[in-house]
1. Amide H neighbours of E174 under 5 Å, at least 5 residues apart or on other chains, H built in the peptide plane: list them.
2. If I take every Cα pair under 8 Å that is 6 or more residues apart in the chain, average their sequence separation and divide by the length, what percent do I get for the relative contact order?
3. What residue among G341, G79, G22 has the largest mean-square fluctuation in a Gaussian network model of the chain, using Cα springs under 10 Å?
4. Between T148 and residues 5 or more places away or on another chain, which pairs have amide H atoms under 5 Å apart, with H built 1.01 Å from N, and which residues are they?
5. Of the peptides 272-285, 135-148, 177-190, 84-97, how do they stack up when ordered by the mean number of other Cβ atoms within 10 Å, highest first?
6. If you take every DSSP beta bridge whose two residues both sit in region 3-275, what share of them, in percent to the nearest 5, is antiparallel?
7. List the lysines whose alpha-carbon lies under 17 Å from that of K249, not counting same-chain residues fewer than 8 positions away?
8. Compute the signed sum of charges (Lys and Arg +1, Asp and Glu -1) over the other residues within less than 11 Å, Cβ to Cβ, of P394.
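Here, each number is a calculation from the coordinates, and none is a lab measurement. Only a predicted model underlies this, so the values are computations on that prediction, with no experimental measurement involved. Please note: Cβ atoms are built from the backbone with ideal geometry, for glycine as well, and neighbour counts cover all protein chains shown.
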Amino acid sequence: MGIAARYAEGARVSADGVGQDGHGLATRLSHAGRAGSKAHGFVNLPLHRGSTVLYENMAQRRDFMRRRFEQALTYGLNGSATHHALEDVVAEVEGGTRCQIVGTGLAACTTPLLAYLGAGDHCLVPDSVYGPVRSFCDTMLRRLGVATTYYAPEATQDEVAGLIRAETKVLYLESPGSHSFEVQDVPALSRVAHARGVAVLMDNTWGIAAFQPFAHGVDVSIQALTKYAVGHSDVLLGSITTREDAHWKLVRDAALVLGQYASPDDCWLTLRGMRTMAVRLERQMASGLEVARWFAGRPEVARVLHPALPGAPGHELWKRDFSGAASLFGVVFRPEVSVAGTHRLVDALQLFGIGASWGGYESLALPTNGIITRTAGGGEAGAMVRFHIGLEDPADLIADLEAGFGVLNEAQ
């Protein structure tokens, strides 16, 4: 039975991540999107591949073709039982009503922007937004006649209200920022947007399962499932989840017109990854905080950009709105540490890969000077490195970092 048949419109998960049935995240991830614990057959769902769908007769085909907003088998491009099961599980985690799976995390960002914006429209986007989204706004949207204003990610509701125009259709949020980790006041900004008839779209990848977007006023939640949902760094996938049917129809129409599609094999692997996501998130959050606290004690470090760390920027908003944290954070070095020095540090690490993604089982380190998109005011001075903490023993990671700092200090 599909998600829409089982739940009424509106948010289905409380702000602390507990479902309407009272079950916690780990239980819901183990049982959502499958036949149930008493059903005869294999535990995991079968993998459904296919393009052509056959019908018993024309009356049946006409009936199915009318059901474009349902989980109906009409053509491979429109989804299979494998896609639908994953969509159910993602909607369960996000607390929404409907979900659209697309081929990449970037497609999950750009598809709803195209759904809501047209020639003459205006959108508000945080200045620290994920780089490819900024490129999309500055190229594709600009060519389509859509204007973009980049606002400070820590802007207050009054400041954002002052940027809304008559033609503003979208307020885009990314909280925390994926490179600079500013935490936005999502409930306040959502209220301002809704008061002016503006839709709220949010990249919630960092906050998967830890931030319930629809309980805080978001209309459309975006996930790069590539990260924690997949968990094994071997699949590219994205999801777009909506609060209610009016938003779902806009998103679904855009996805179909654009031919957005995801491989059923990738959907099946992601569904499998999500069964263990709660356990991985819990372990990686604990390890991430342990390593972040270690960084905070280093004399070479100016500050650690980890929202769950007391004293870090955005911590009070994190404490109010989140029930957990990702294992991704930034480290800002003191002025005497050069960018070249951070490159030597990263090169010396044995347990950290140098890579741009995150959310997998392996730890990563990535210098971010020159990657952060923020162009105006605020931000951090000094060399920066972004760290993702995987499933390794944190004591081993800290020992590796100790050795890396030795190399850094020898060369300074």
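1. Close amide H contacts, sequence-distant or interchain: D203.
2. Values: 845 pairs, mean separation 74.0, N = 412.
Result for the chain is 18 percent.
3. Taking springs between Cα atoms under 10 Å, the residue moving most is G22.
4. Close amide H contacts, sequence-distant or interchain: C123.
5. Numbers: 272-285: 19.3, 135-148: 15.4, 177-190: 23.4, 84-97: 26.1.
By packing density, highest mean first, the sequence is 84-97, 177-190, 272-285, 135-148.
6. Values: 10 of 26 bridges.
Percent antiparallel among DSSP bridges in region 3-275 is about 40.
7. Within the straight-line cut-off, K249 pairs with K169.
8. Values: positive: R283, R293; negative: E290, E392, D393, D396, D400.
Charge balance near P394 sits at -3.
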